[in-house]
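The values are calculated or read from the model by the stated rules, or taken from the named source; none is laboratory data. Fair warning: this is a prediction, and the values are worked out from it, not measured in the lab. In this analysis, Cβ positions are derived from the backbone assuming ideal geometry, glycine residues included, and neighbour counts consider all displayed protein chains.
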Amino acid sequence: MRDCPARSSLPKRSAQQLLGAVVFALTSLSATSVTAQSTSGDSASANDCTAQRDISVVLSVVTEQFYDKTFNGLDWSAEVADAVEATQCSDTTKQVTDRVNQLLSRLEASHTALYSQHDLDYWGLNSLFHFDGLDAYTLPFPGVWATSSDNRWFAQHVLNGSAADAAGIREGDELISLNGEPFDPVGFVAGDNQVQVSSDGQTVREITVNAPVQSVMRAFVDASAASARVLDLQAIGKRIAYYRIWAARDQIQRDFQASMEEFTEADIDALIIDLRGGFGGTSEDYLSAVRFMRAQNPVPVFFLIDDSVRSGKELLAAIVRRDNLGTLVGSTTAGYYLSGRMNRLLDERYFLYVAVGTFPTPGTGDIEGVGVAPDIEVAPCRQHCNGSDPILDRVLQLIIAQ
């Protein structure tokens, strides 16, 4: 493969010419796969090196599919041309991904982002959109969903019953190193891993975390089932049921419905449904089990929300408010409610999510860009939480006080 010319030696062409050089014919299927292909004429410079070819293909898909043809008021053809021209042959897939996402963020639209195999979202979204079983797109994954802040990693979510949970990692813990290297959320190896963590930002402990090879969706299904429990607070004479919906999947919906039936028979005094973390995709059908349970046993129901609640789970929160099915506690949801199309690109080295349209809100008010506000606001803890969960703690206080 030839090296591409240095940026300063690229021929000067109009933005429209450069855009024309990268447009590909695409299908209108809900899932699109694009592999590398040779072109001729004006597009030759975009194929001189892998990085330029990659960004050209990715942005051509966005140009074709993005629902807002004004591109949020941007001179889109010029922006694409600048991004292609700025890309160097030596750029890694991460650098290509970062450059694309910098541009996509200016569209100010949900469900519009690029992921590579270096991102946990790549593995999660691919497994979410793989409907033939739960064992595709696997990686060593112990069940900790980490996010970065100022080049430091924190456990935003720890899946119920996961290896990370069993090892003692708690939400808000800082994840300092993994097997002697700076922490990387996709850097686990199959089997035992040594992880340095800090719960308070001062003391550091090293723990062993076993990472099973599994898909993220498999982990979400197992974690949802593992979350179901009844807290028997004998000291105050209350029984509190809890369930966390990690994602939308038939197995999760069936387990959720079965758990609601069990909770009804358990003669509970309150129900907590945790919508935080994971993925969306849920439909109003998930609330049918709650409606049935409340008809049998009209106990207080609390739904936990924050800005990690997105898409279909935001619809659930909005319907809860519309139909007065319970109390929303936490912070405002993400406001990610556009209809997205997934694209596996370039031999599946990239996963591109593109907003392709709006999604109806059945009498709930706008969600995209707004989110769903809580009835009782409680700020979540994101860093060095010492194992505490302010949102859950507040709900328990409310239940105990009743």
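Side notes on the structure shown:
- Residues of segment 53-100 that turn out to be free of Cβ contacts under 8 Å to residues at least 40 places away in the same chain, under 21 Å from the mean Cα position of the chain (by Cα) and more than 16 Å from residue 346 (Cβ to Cβ), as a count: 1
- Contacts under 8 angstrom Cβ, first residue in segment 208-230 being outside the structural domain of residue 267 (by TED's automatic domain parsing) and surrounded by fewer than 23 Cβ atoms within 10 Å (Cβ to Cβ), partner charged (D, E, K, R) and in a helix (DSSP H, G or I), 6 or more apart: none
- Segment 104-132 residues that are free of Cβ contacts under 8 Å to residues at least 40 places away in the same chain and surrounded by fewer than 20 Cβ atoms within 10 Å (Cβ to Cβ), paired with ones that are of a type outside the set (Ser, Thr, Tyr) and not in a loop (DSSP other than H, G, I, E, B) (beta carbon under 8 Å, 6 or more apart): 106/72; 106/79
- Any hit, segment 377-395, residues being in contact (Cβ under 8 Å) with a residue 12 or more places away in the chain, closer than 25 Å to residue 287 by Cα, in contact with a helix residue (DSSP H, G or I) (Cβ under 9 Å, 6 or more places away or on another chain) and not assigned by TED's automatic domain parsing to the domain that holds residue 170: yes
- Given (1) among the charged types (D, E, K, R); (2) exposed (fewer than 15 other Cβ atoms within 10 Å of the Cβ); (3) touching a residue at least 60 places away in the same chain (Cβ under 8 Å), number of the condition residue 267 does not satisfy: (3)
- Which numbered condition residue 260 fails, given (1) part of a helix (DSSP H, G or I); (2) in contact with a Gly (Cβ under 7 Å, 6 or more places away or on another chain); (3) not charged (D, E, K, R): (2)
- Within the set 328, 392, 315, 346, the sole residue that is touching a strand residue (DSSP E or B) at 6+ places or on another chain (Cβ under 6 Å) and either at pLDDT 95 or above or of a type in the set (Gly, Ala, Ser) (or both) turns out to be 328.
- Only a single item in (1) of a type in the set (Asp, Glu); (2) outside any helix (DSSP H, G or I); (3) at pLDDT 95 or above is not met by residue 232, and it is number (3).
- Taking the criterion of being touching a residue at least 40 places away in the same chain (Cβ under 8 Å) and part of a strand (DSSP E or B), the only residue of segment 166-189 that qualifies is 174.
- The combined condition, being in the same structural domain as residue 333 (by TED's automatic domain parsing) and under 30 Å from residue 121 (Cα atoms), is not fulfilled by residue 237.
- Condition check for residue 192: among the charged types (D, E, K, R) and part of a strand (DSSP E or B): yes
- Test: residue in segment 237-250 that is surrounded by fewer than 20 Cβ atoms within 10 Å (Cβ to Cβ) and under 20 Å from the mean Cα position of the chain (by Cα): yes
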